[in-house]
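Below you'll find the structure, written out as structure tokens, and then a few comments.
No lab work stands behind these numbers, since they all come straight from the coordinates. Bear in mind that the values here come from a model prediction, so they are computed numbers and not experimental data. Positions of Cβ are generated from backbone atoms using ideal geometry, with glycine treated the same way; all protein chains shown enter the neighbour counts.
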Amino acid sequence: MTRVHDMGGRFGDGPVIPDPEGEVFHDDWHGRALALTLAAGALGQWNLDISRHARERLGPDYNRFSYYEKWIAATADLLVENGVLDASELTGDATDAPHPLAARKLAAEAVSSALSRGGPVDRDAGPAPIFQPGQAVLVRRPADSQLVEGGHTRLPAYAAGARGKVLRCHGNHILPDAHAHGLGEAPEPVYAVAFPASELWAHPEHPRDEVVIDLWQSYLTAA
Amino acid sequence: MQDCRAGQESFAALRQGHMDARVDRWETSVQSAPMPHDHSGDAHPHSLLPSDPALRVKALETVLVRRGLVDPAALDAIIDTYENKIGPKNGADVVARAWSDPGFRADLLADATATVSALGYYGRQGEHIVAVENTPETHNMVVCTLCSCYPWPLLGIPPAWYKSDAYRARAVREPRKVLADFGVALPPDTAVRVWDSTAEVRYLVIPMRPEGTDGLSREELAALVSRDSMIGTALAGAAA
């Protein structure tokens, strides 16, 4: 298993409650939490994988917090862990002293270009693909990070040990398992792998149902 | 996340006033508070923030603005972008074009990133796009079981249900029961293919074009394409 966020296939969560089309932020502070997280990220002190892992490390708060509470808590943790803020500043003991990173502040005029620039993760570097579309593959088991104990990975536990078939190769992408821990980009091929529902669940709803999961080459072996 | 929506506006206004007063009190009280000396190495720094979530966000914004690290106008601009500029109408435009132009459809299915980028739909959380098409044989549905990955430049910010534990846990295991929560029933011989967005690839579902729409313009077609139909929890022409 990985961590508390890894919930695919879990029982007991009750109904999905649709919300109306057109609603973007249910409360004003939701939008503020999202914007603050993006603006803090623009200071360049961490990457998206580190940011995801910070949410996954919230521990019991992960279940207790609503969605944007997770975001804001992880942002606060990252600011302190990376030395941007001192913990005492979170209790309101703020100084007005100019911050060395202030020059990197995301300006209002730069928001549009920053959001439209994005952050592509495809890379020319890395190994050549060893699997081809149509090929059978086995997912590594156990599913937890091979690089760091309790570390970030994008291999969901429900797929561990399952046998699937490569649908397509997406090219070489940054490996989050490395990138979330300061271990470089370590790009490798990512594949969309299709699994029959019967390979994943004891009681699949339909004989022809499938789940497709994007998986890095190091998560897979030939079947 | 799934609060009762009755009386939402007046409640929000009420809470805003309540919160402003609390922020003032917080800012006053912390000035006289002693320095915390002994953080346990296990404690998360976020636990030092106020307990009310809205107040917590306000407190963090206040600190970052005071240190010159965040421009409040930039926060307004980010919110405005996703409230007013980038949303499901972008994805609906793509779907309507795919329905009405076979060449566009072929390009979209072959290389969605390049095809939608050419329309200006590119950016954060939409750097690598794949379009998947519903057919009478296969219905596609998208989830992110590990967090909330979603094609922002095409659909905007994900709805609360998409980020809910219930959807993340159940969509991969019992997609038909999840569809029933949305009032959708598939024909018994239609298979479901659920895409779990575990990498940076973002999936856009091209719903089936509804019957009887032959004479419609592209704009009229786009109006039939709901946000949920492009995630795969609704059918086109039947907005949730």
Item to complete: Lys and Arg at +1, Asp and Glu at -1: add these up for the other residues within a Cβ distance under 14 Å of residue B:106 and post the number.
Response: -2
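Rounded to a whole number, what is D in µm²/s for the stretch A:28-117 from Stokes-Einstein with the Kirkwood radius over alpha-carbon pairs (10 °C, 1.306 mPa s)?
Calculated translational D: 113 µm²/s.
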Worksheet item: By what distance, in whole Å, do the Cα atoms of the protein assembly as shown stretch along each of the three principal axes, largest value first?
Response: 68, 49, 42
Discussion item. Need one value for B:169-181: mean number of C-beta atoms belonging to other chains within 10 Å of its residues' C-beta atoms.
Written reply: 6
Discussion item. Once each part is reduced to its C-alpha centroid, what is the distance from the stretch B:119-169 to the stretch A:1-48 in angstrom?
Written reply: 13 Å
Worksheet item: Per 10 Å bin, what is the whole-percent P(r) computed from every C-alpha pair distance within the stretch A:136-222?
Response: 18, 47, 27, 7, 0
Discussion item. Kirkwood hydrodynamic radius, computed over distinct alpha-carbon pairs, for the stretch A:105-149: how many Å, to one decimal?
Written reply: 15.5 Å
Practice prompt. Work the Kirkwood hydrodynamic radius out for the stretch B:87-230: mean of 1/r over every pair of different alpha-carbon atoms, inverted, in Å.
Written response: 15.5 Å
Worksheet item: Given H placed 1.01 Å from N in the peptide plane, which residues other than close sequence neighbours of residue A:211 have an amide H under 5 Å from its amide H?
Response: A:195, A:197, B:194
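Rounded to the nearest 500 deg cm²/dmol, what is the calculated helix-only ellipticity per residue at 222 nm for the protein assembly as shown, with -39500 (n - 2.57) per DSSP H run of length n ≥ 4?
For the protein assembly as shown, the value works out to -10000 deg cm²/dmol.
With Cβ to Cβ distances under 11 Å as the rule, what net charge do the other residues near residue A:62 carry (K, R +1; D, E -1)? Write out the running numbers ahead of the final one.
On the way: positive: A:3, A:55, A:57, A:64, A:70; negative: A:6, A:56, A:61, A:69, B:165.
Local net charge: 0.
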Discussion item. Once you compute Rg and the Kirkwood Rh from C-alpha atoms, what is the Rg to Rh ratio for chain A?
Written reply: 1.00
Worksheet item: In nanometres, what is the gap between the two model label sites at residue B:114 and residue A:107, each 7 Å from Cα along Cα-to-Cβ?
Response: 3.5 nm
Discussion item. Highest mean first, how do B:121-134, B:151-164 rank when packing is the count of other Cβ atoms within 10 Å averaged over residues?
Written reply: B:151-164, B:121-134
Worksheet item: Can you give the average number of partner chain beta-carbon atoms within 10 Å of each beta-carbon in peptide A:101-113, as a whole number?
Response: 5
Item to complete: Please compute the net charge surrounding residue B:228, taking Lys and Arg as +1 and Asp and Glu as -1 over other residues with Cβ under 13 Å from its Cβ.
Response: -3
Worksheet, complete the sentence: The set of residues whose placed amide H lies less than 5 Å from the amide H of residue B:204, leaving out same-chain residues fewer than 5 positions away, is B:130, B:131, B:132
Discussion item. What lysines does residue A:105 reach when the alpha-carbon gap must be under 25 Å and sequence neighbours fewer than 8 apart in one chain are set aside?
Written reply: A:70, B:58, B:85
Worksheet item: Which whole-Hz couplings ³J(HN,Hα) result when phi for each residue of the stretch B:159-172 is put into the Karplus expression 6.51 cos²θ - 1.76 cosθ + 1.60, θ = phi - 60°, listed in order with x for Gly and Pro?
Response: x, 4, 4, 5, 8, 6, 4, 4, 5, 4, 6, 8, 4, 6
Worksheet item: Shielding of A:115-128 by partners, i.e. mean partner chain Cβ atoms within 10 Å per residue?
Response: 4
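Assuming R0 = 25 Å, can you tell me the calculated FRET efficiency for the pair residue B:133 and residue B:177, based on Cβ-Cβ distance, to the nearest 0.05?
Numbers: r = 24 Å, r/R0 = 0.95.
Calculated transfer efficiency: 0.60.
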Discussion item. On the principal axes of its Cα set, how long, how wide and how thick is the stretch B:183-240? Give whole Å, largest value first.
Written reply: 39, 30, 18
Response to the item:
Looking only at lysines whose Cα falls under 26 Å of residue B:89's and that sit 8 or more positions away or on another chain, we get B:163
